[in-house]
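What follows is a single structure, written as structure tokens, with notes after it.
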Amino acid sequence: MKPPAKIPPATLAKLAKLGIHHRADLLLHLPLRYEDETHLTPIGALDAGVTAQVQGVISHCEVMFRPRRSLICRLQEGNEELTLRFLNFYPSQQKQLAVGKTIRAIGEVRMGYFGLEMVHPKCRAVDDDTPLQQSLTPIYPTTAGLAQPVLRKLIMNALEAIPLTDTLPPALLQKLHLADFGDSLRLLHNPTPDISASTLEARSHAAWRRIKFDELLAQQLSMRVHHRERSKHIAPGLKPQRKLTEALLAKLPFTLTKAQQKVWREISADLAQAHPMQRLLLGDVGSGKTIVAALAALQAIENGYQVAFMAPTEILAEQHYLKLREWLLPLGIEPVWLSGSLKKKEKTAAAERISSGDTLLAIGTHALFQASVEFNKLGLVIVDEQHKFGVQQRLALRNKGKTEATSLLPPSRGKAGMGVDSVSTPASTPTLTLPLHGGGNMHEPHQLMMSATPIPRTLAMSYYADLDVSVIDELPPGRTPIVTKLVSDARREEVFERVRAACLQGRQAYWVCPLIEESDAMEVELQNAIETHQQLSEALPELNVGLAHGRLPPAEKAAVMAAFKSGALQLLVATTVIEVGVDVPNASLMVIDHAERMGLAQLHQLRGRVGRGAAESLCVLLFQQPVSELARARLKIIFENTDGFIIAQQDLQLRGPGELLGARQSGVAMLRFADIREDEDILEQARQIADELLRDLPDVARAHLQRWMANKHDFLQV
Ligand code: ADP
Ligand code: MG
């Protein structure tokens, strides 16, 4: 191996900006596109819209000042002419393009004022016998001040210096019809003359397939390894005693659906193990996850262990508290409530009951873990709507964990190399570890994560590969399907009438106010909600209209929600605070104002607030023109579909995985090469092979992870 040439510090800094920290990172800095300088197109054969390389003689060159200062040249080839236009130019360029010079220009052709033209083509002076390039010219993603040729040279050097041995055995490559790793990299950086730019840019070429496979395999391996590592930890084995759980089931006014029974069996079996459960419970809005969580809690409690049940918002946490209280009090279990809005004295009292072991069930917001709460004997942590916990909150938890051994802290995970850090830190799966007190042993609690964000299977496979997943795939019986209507805001008054009619018939309705995304969002949103509340109160004087928004003091918010739940309020005007978890079966009408502003997941969640009782439910999506193309596509999808998984699938097509899961939160979004919308088959393959390798060829798995995740040894500067 040749010793690498010294790279100047200024260049190193630029490379760092591109995420290139080690020499090997250069190898995977793959071209964005290619320029085809392998042949010339006659100027007479050009068409608008194509990118082409042409050659001719400058016949005219002048600086024009209107409409703005620009350099205009005419390039002549025989009788044909092409305009070259430069809006920013240096004197040196002007000199290069002097009349009489022979120029080779490459750029996109478009129709301009004087006929066909190229704006800012790449130009160079040539002779008639200057040879053409033999292969496509790679164009790399770069940053200001780092020119393509410099980057290209660095990459070519790295390609020569670093041995590109394959991490995968030949037999496996053959079986999977995969190309050699080194060949693939060399081809992408330096395509042979027979390859067209379009097959490379479409990323469908066998070389691309190999790189994508490797990336996905590394992702799957790293997540499976994390899963394995965690599953070696010790947790209390919470065997089903079938006392409390059976008692609760006997008291329920309904029986569990088949899907609920299935996931409950899975969870119950996990809890009985002496290793921490790492399970995600996925189920559409209204599919009945809460009762499953309650059963899990009871299995821990009947073994004498404590349970922490955490929800992202106060409203949701309180709903859980009230629901579980209702279910569990008759069994002699009194949950304790802990949230940030409690008075200091109440908080201390709650914390005292938790640390003394006086209570076995604590329900609350993340304050449950921010307050200096010491659990006596924690056996199970349940996190509802886990995707709602922002990165910030999770980081806060982690940082707090560093100083206080008594709080819940997600384990810090190793940082990965080669720019795929996120792959090994899927932020969406906050794993909470906690040393238990008293026992001496370092026990960890079991973890049950719940989510109503239906995500497509491919995304789940990729995103949650480090979790076991249980899915509730049916809704409880007796639900009448929700009818969805799209109504223009011009017909707002008619919607008022519908609300009036429904409420006078004894039903209840939600009116959700628009979401605003500017910097002063909270203020505007609040103002909006207040005005809408006023407008509706005036238009519907015979109804009791309530208002709930994020700025209400928690006690007032709770009072409004309670009044709505009891039926004292017939119409609830709300900001999106009701998005998650509100459960009022008598509410059968949902109006969503400015539905065109909302995302699909949000619309689906909001709509899921109705259709919980026997009455036929209606969801009115009020939209205001102009509606963007994207918004129109969203409204069409929500109008035509009720199945959350189908909606999520379409959302994925519409927006891509990063947006869908929140770019910052998504490990998948950070995949650099693979696109799980298009590469589902590769992902499937990688997933299967990851398990095979870990089982049969652990050394191969290790080598592969090493290449993709841990290039720490091969520094740019030696
Ligand atoms: P989510 O999965 O959205 O959290 P919930 O747990 O809030 O759903 O359940 C929605 C509603 O369905 C609740 O009123 C709950 O009591 C009810 N429910 C749950 N399971 C069943 C069932 N098997 N049969 C009838 N109703 C059920
Ligand atoms: Mg819920």
**Request:** Would you kindly derive the ³J(HN,Hα) couplings of the stretch 592-602 from the backbone phi angles with the Karplus curve 6.51 cos²θ - 1.76 cosθ + 1.60 (θ = phi - 60°), listing them in order in whole Hz, with x for Gly and Pro?
**Result:** 10, 6, 6, 4, 5, 8, 9, x, 5, 4, 5
**Prompt:** Rounded to a whole number, what is D in µm²/s for the stretch 482-641 from Stokes-Einstein with the Kirkwood radius over alpha-carbon pairs (37 °C, 0.692 mPa s)?
**Reply:** 210 µm²/s
**Asked** Taking the Cα atoms of the stretch 42-90, what is the range of coordinates along each of the three principal axes, in descending order and whole Å?
**Response** 30, 23, 18
**Complete:** Toy charge model, Lys and Arg Cβ at +1, Asp and Glu Cβ at -1: the stretch 482-641 dipole around Cα centroid in debye, rounded to 20, equals 600 debye
**Message:** Whole-Hz ³J(HN,Hα) for each residue in the stretch 536-544, computed from phi via Karplus 6.51 cos²θ - 1.76 cosθ + 1.60 with θ = phi - 60°, x for glycine and proline: what do you get?
**Reply:** 6, 4, 6, 5, 10, x, 7, 9, 8
**Asked** Which three extents, in whole angstrom, do the alpha-carbon atoms of the stretch 248-304 cover along their principal axes, largest first?
**Response** 32, 24, 15
**Request:** May I ask you to list the GluC sites (Glu not before Pro) in the stretch 531-630 that are in a DSSP loop and have at most 12 other Cβ atoms within 10 Å of their Cβ?
**Result:** Glu542
**Phi-based couplings in Hz for the stretch 272-285 (Karplus 6.51, -1.76, 1.60; Gly and Pro marked x)** = 6, 6, 8, 10, x, 5, 10, 10, 10, 9, 9, x, 4, 3
**Asked** Where does each of Met277, Met111 land when they are ranked from fewest to most other beta-carbon atoms within 10 angstrom?
**Response** Met111, Met277
**Asked** Given the Cα-Cα distance of Lys232 and Ala250 and 0.36 nm per residue of separation, how much length would full extension add, in nm?
**Response** 2.9 nm
**Prompt:** Taking a label point 7 Å from the Cα of His39 along the Cα→Cβ vector, which residues of the stretch 115-147 have an amide N closer than 14 Å to it?
**Reply:** 132-136
**Request:** Obtain the nm distance between the two label points defined at Gln653 and Gln624 by a simple spin-label model: each point lies 7 Å from its Cα along the Cα-to-C-beta direction.
**Result:** 3.1 nm
**Request:** Tell me which residues come under 5 Å, amide H to amide H, from Tyr34 once H is placed; ignore anything under 5 positions away on its chain.
**Result:** Ile139
**Virtual spin-label span in nm between Ala269 and Ala703, 7 Å along Cα→Cβ** = 3.6 nm
**Asked** Among Ser59, Ser451, which comes first, then next, by fewest other beta-carbon atoms within 10 Å?
**Response** Ser59, Ser451
**Item:** FRET efficiency, Glu640 to Ala98 (Cβ-Cβ, R0 56 Å, nearest 0.05)
**Value:** 0.35
**Prompt:** Please identify the trypsin sites (Lys or Arg not before Pro) of the stretch 307-367 that satisfy two criteria: DSSP loop assignment and at most 15 other Cβ atoms within 10 Å. Which are they?
**Reply:** Lys343
**Item:** Met590 long-range amide H proximity, modeled H, under 5 Å
**Value:** Tyr510, Leu618, Cys619, Val620
**Message:** With +1 assigned to the C-beta of every Lys and Arg and -1 to the C-beta of every Asp and Glu, and no other charges, what is the dipole magnitude of the stretch 7-49 about the Cα centre in debye, to the nearest 20?
**Reply:** 380 debye
**Rounded if a/c under 1.5, otherwise prolate or oblate - the stretch 40-131, Cα gyration tensor axes** = oblate
**Prompt:** Taking the Cα-to-Cβ direction at Ala16 and at Ile530 and moving 7 Å from each Cα, how far apart do the two end points lie in nm?
**Reply:** 4.8 nm
**Request:** Would you order Glu334, Glu160, Glu77 from fewest to most other beta-carbon atoms within 10 Å of each residue's own beta-carbon?
**Result:** Glu160, Glu334, Glu77
**Fill in**
With 0.36 nm assigned to each residue of separation and the Cα-Cα distance removed, Leu32 to Val487 gains 159.5 nm
**Fill in**
Here the gain from full extension of Gln76 to Glu497, 0.36 nm per residue of separation minus their alpha-carbon distance, amounts to 144.4 nm
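None of the figures in this text is laboratory data; all of them are computed from the coordinates on show. Keep in mind that what you see is a predicted model, and the values were worked out from it rather than measured. Note that each Cβ is placed from the backbone with ideal geometry, even for glycine, and that neighbours are counted across all protein chains shown.
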